[in-house]
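Presented below is the structure to which this report refers.
The values are calculated or read from the model by the stated rules, or taken from the named source; none is laboratory data. Keep in mind that what you see is a predicted model, and the values were worked out from it rather than measured. Methodologically, a virtual Cβ is constructed for each residue, glycine included, from the backbone with ideal geometry; neighbour enumeration extends over all protein chains shown. Surface accessibility is based on the protein's heavy atoms, side chains included, excluding ligands, DNA and RNA. Shrake-Rupley method; radii C 1.70, N 1.55, O 1.52, S 1.80 Å.
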Amino acid sequence: LCSAFKYSFCFVFLVIALLLVGAFVQFGDIPNSNGTIIDDLDSLGDQIKTKGVESALSFTISVLTILGLFVYIMYSAYGLSAFPFNLVKTRGSAARELNKLRVDEIAREEKERQLAAKYADGRPVIPSDRRLMQKLARDKERYSELQRLVESEHHSCWRKILICCRPFSIVLGIFLTLVSLAFMASVTVTLVDKYVYSNYTLGYVLTTVHYKYSPINYILTYAQLVFPLDYILVLLLVFYIASCTVNGIRRIGIWFLWVKMFEVIPGRTMPQGLLLLSALFSYAMVALNQLMMVAMPTYSTYGSQHYMVKENGTMVTKPCDNHSPEGECQLTQLASIITRFTIHANLYGAVVTYLVSAFVGAYVIGFIVAAVRRKRSILEKAVGDRDAEDDPLLNL
């Protein structure tokens, strides 16, 4: 009970400290500079003016967002590539794994027989052979446990269902790989737009999308013409990114710098590991708002708003964008809060842009690793899970 009060008090203290810092820190005004970006920001008027209490909340959310972006760099970037590849790659035959275990067991029994024959006359056992006997006894228990795990996996109904669904798994894996590539391409296009047409002084804020080749942004902008297709696509995209984040944490484990703290094993994860997993996932979900602003800037800024314009004597309905007539479209609450805080705290905008760039770089590295790395066999998976449970450092 005392530990619960202690951690609760620390949490409340940190939240109050962040709110107080955000309330009393003086943020700058919109930079005085000439150019279309400044004109566009001025045209937004009250939509980007700071508002009392909101500054404190925005500062707190921005700190959590930066923590969440580190989670994306460490875990989600690899999960976005490893999760689809894992659906495509095949795992080795369980029968072959059992045969390998039996061969190893025969070799172990042969060594035991040799040692027993060597000391059949009752002579003293030398220390090196005693250690070898102890190792063979431990290996016997280990082989028995691994054989039980592999046989259980081999005869499980779930494995038989997966084998029947193998063609669908391959198709789904290829499709999800394309989704990941489209998402990262959208993020990359917006980053290039920021670096070319904005700068550090403005926190890399964009008021106009210059490059129209963002796949996710393009699809969602026109999917809103068929209600509620865009909402369904966004929901599926968020669910996919969340699943890849959890998958990345499960594959990599929970680390603190170079020390591996917890291994995430289904049904056997320590309670402290589950708590840290929940915290990392929460930070990632907070940062997802910022990531969506980068991946689909037009859709995140105006949502499903439309405006009417006269073309060739007829009224035409168009999705809202940065070139919409003044007063016809309003920024979404997400875009308004993020733009408002970023333009007055340009350091935050710059840090977020650099972290998202690192996220793209981590994805490229993770994609290469996931492409060349073979899928773990049933035996390797069982050995890895067993060793993780026996690791004294992970059970502190």
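Observations on the structure shown:
- For segment 242-358, the relative contact order is 16 percent, taking Cα pairs closer than 8 Å that sit 6 or more residues apart in sequence and dividing their mean separation by the residue count.
- For Trp255, distant residues with modelled amide H under 5 Å away: Met261
- Only lysines eight or more places from Lys6 in sequence, or on another chain, were considered; those with a Cα closer than 26 Å are Lys260.
- Applying 1/(1 + (r/R0)^6) with R0 = 30 Å to the Cβ-Cβ distance of Phe13 and Val360 gives a FRET efficiency near 0.25.
- To put it simply, the accessible area of segment 183-242 at a 1.4 Å probe is 75 percent carbon and sulfur.
- Projected over every direction and averaged, the convex hull enclosing the alpha-carbon atoms of segment 96-216 yields 15.8 nm².
- Surface composition of segment 59-129: carbon and sulfur atoms hold 64% of the protein heavy-atom accessible area at a 1.4 Å probe.
- Ranked packing of 194-201, 277-284, most packed first, by mean Cβ within 10 Å: 277-284, 194-201
- Surface accessible to a 1.4 Å probe, Ile66 within the full protein complex, Å²: 40
- Kirkwood hydrodynamic radius over Cα pairs of segment 322-366, then Stokes diffusion coefficient at 20 °C and 1.002 mPa s, in µm²/s: 169
- Ordering of 13-19, 234-240, 301-307 by packing is 301-307, 234-240, 13-19, highest average first (other Cβ atoms within 10 Å, averaged per residue).
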